[in-house]
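Step one of this worksheet: look at the structure below.
Nothing in this text is a laboratory measurement; each read-out follows from the coordinates by a stated rule. Everything numeric in this text was worked out from a predicted model, so none of it was measured. Cβ placement follows ideal geometry from the backbone for every residue including glycine, while neighbour counts extend to all protein chains displayed.
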Amino acid sequence: ATPTALLVGTGRGAQMGVLIKGPEVLESTRQADTIVLDKTGTVTTGTMTLTGTVPTPGTDAAELLRVAGALEAASEHPIARAVAQAATEAGPLPAVEEFTNLEGRGVRGTVEGRQVVVGREALIAEEAGPLPTGLATAKATAEAEGATVVCVGWDGSARGLLVVADALKSSSARAVSELRALGLRPVLLTGDNEGAARTIAAEVGIDEVIAEVLPQDKVDVVRRLQDEGRTVAMVGDGVNDAPALATADLGLAMGTGTDAAIEAADLTLVRGDLMGAVDAIRLSRRTLSTIK
Ligand code: ADP
Ligand code: MG
C-alpha cells in the first residue's frame with residue numbers, strides 16, 4: 001500500500017506550487033545529486049529584447065531588421081519574438097513563404113523573393129555565406145559581453161547580425177545557492193553560445209557550463225552524467241528540453257514552459273522559478289525521512 005506520508009507529501013507539494021506526477025517521484029527527488037539547468041526560460045526569463053543590429057557594409061540596417069523580423073514572426077522561439085517585436089515596432093512586415101523551423105539552429109523562408117536564413121553562424125555559413133571579418137569581430141565582442149547574437153543571410157551572402165539579451169529571473173541566484181547547500185551540483189546546459197552561457201552562469205554562481213548543445217544532444221549530456229554515476233535532476237521549459245527531462249532521473253518542468261516539457265517531466269514548478277526546485281527537494285527529504 002502507498003504510505004500515507006507520500007500522499008501527504010504530494011498534497012503539500014501541490015500547495016507549494018510543485019505538482020508531482022506520482023508519489024514515487026518523491027524518491028528520485030530525494031536522491032538527485034546533480035541538477036542540470038536549461039538557460040533560456042529556466043534560469044533566465046526567456047523574454048529577450050533586441051539590443052542591436054549590425055548590418056554588413058552593403059546592407060541597410062532597417063532592411064536587415066525588416067526582412068529578418070518578417071521571417072522570425074513565424075517562429076515561437078524567444079529570440080524570434082524579440083526580433084519580430086522590434087521589427088513590428090519599426091514598420092509593417094512582408095509575408096513569408098516556405099517557412100521552415102530548423103530546431104536549435106534557426107529559421108529559413110522566402111521573403112519578397114529572397115531566400116532568407118536567420119540563426120546560428122554555422123547555419124548562415126552553410127546556407128548563405130561566411131561572416132565577413134568585421135561581423136565576426138562584432139559577434140565575438142557582443143558574445144563575450146553575454147549577449148546572444150544571431151546571424152542573418154539571404155541570397156548567398158551574410159547580411160548582418162542581430163543582438164538580443166535576456167534577463168535573469170530574480171530568484172535564480174538564490175535558488176542555485178540553496179541547491180548547492182542541499183548538496184546538489186548545478187550544471188548549466190544551453191544551445192546558446194559559450195560567452196552568453198558563462199556570463200549567466202557567473203551571475204548565478206554556476207561554474208560548470210555545457211554550451212552550444214543542439215536540442216537532440218541535450219539528452220546525451222544527461223546520459224553522460226548518469227554514466228558517471230550521478231543521479232540527475234534536469235530543469236527545463238522548452239520543446240528542446242523534453243527528451244532530456246524524460247531521460248533524467250528526475251525531470252522538472254517550468255509551469256510557464258511548453259506543454260511538451262510539462263508532459264515529459266515528473267514534476268512541474270507552477271510558479272516557473274527555480275525556488276520551486278529547492279522546495280521540491282526539501283519536501284521530498286522531509287516526507288521520506290518521516291517514512292523511514
Ligand atoms: P536554449 O537551449 O538556450 O533554449 P535553443 O536550443 O532553442 O536554445 O537554440 C539554440 C540556438 O539556435 C540559439 O541560441 C540561436 O542561435 C539558434 N536559434 C534557434 N532558433 C532560432 C530562431 N528562431 N531564430 C534565430 N536563432 C535561432
Ligand atoms: Mg529553454
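By per-residue mean of other Cβ atoms within 10 Å, what is the highest-first order of 203-209, 162-168, 222-228? Write down the numbers at each step before the final one.
On the way: 203-209: 16.6, 162-168: 19.6, 222-228: 15.0.
By packing density, highest mean first, the sequence is 162-168, 203-209, 222-228.
So, counting K/R as plus one and D/E as minus one, what does the shell of residues with Cβ under 14 Å around Gly156 add up to? Before the final figure, lay out each step's value.
Values: positive: Arg108, Arg114, Arg159; negative: Glu126, Glu127, Asp155.
Residues near Gly156 contribute 0 overall.
Quote to one decimal, in nm, the extra length available between Glu228 and Ala61 on full extension: 0.36 nm per residue of separation minus the C-alpha distance between them. Don't skip to the answer; put the middle values down first.
Numbers: separation 167, 0.36 × 167 = 60.12 nm, distance 4.86 nm.
The span from Glu228 to Ala61 would gain 55.3 nm if fully extended.
Under the rule of -39500 (n - 2.57) per DSSP H run of 4 or more residues, summed and divided by the residues of the chain, what mean residue ellipticity at 222 nm is obtained, to the nearest 500 deg cm²/dmol? Walk me through the intermediate numbers first.
Working: 12 runs with 124 residues, N = 292.
Value at 222 nm, helices only, nearest 500: -12500 deg cm²/dmol.
Between segment 112-185 and segment 21-82, how many Å separate their Cα centres?
10 Å
Would you list the P(r) distribution for the chain, with all Cα-Cα distances sorted into 10 Å bins from 0 and each bin expressed as a whole %?
The percentages, shortest bin first, are 7, 28, 30, 19, 11, 4, 1, 0.
How would you rank Asp38, Asp266, Asp220, Asp279, going from fewest to most other Cβ atoms within 10 Å of each one's own Cβ? Write down the numbers at each step before the final one.
Values: Asp38 28, Asp266 24, Asp220 14, Asp279 19.
Fewest-to-most Cβ neighbours within 10 Å comes out as Asp220, Asp279, Asp266, Asp38.
For a quick check of your reading of the filter: which GluC sites (Glu not before Pro) in segment 71-142 sit in a DSSP loop and have no more than 16 other Cβ atoms within 10 Å? Show your work: numbers first, answer last.
Values: sites: Glu72, Glu76, Glu89, Glu97, Glu98, Glu103, Glu112, Glu121, Glu126, Glu127; in loops: Glu76, Glu103, Glu112.
Of the GluC sites (Glu not before Pro), the ones in loops of segment 71-142 whose Cβ has at most 16 other Cβ atoms within 10 Å are Glu76, Glu103, Glu112.
How much of the DSSP bridge set in the chain is antiparallel, in percent, rounded to the nearest 5? Present the calculation step by step, with values, prior to reporting the outcome.
Values: 32 of 51 bridges.
The antiparallel fraction comes to roughly 65 percent.
Taking 7 Å along the Cα-to-C-beta vector as the label spot, tell me the Ala167-Thr49 distance in nanometres, rounded to one decimal.
0.7 nm
What are the radius of gyration and Dmax of segment 32-132, computed over its Cα atoms and given in Å?
14.9, 53
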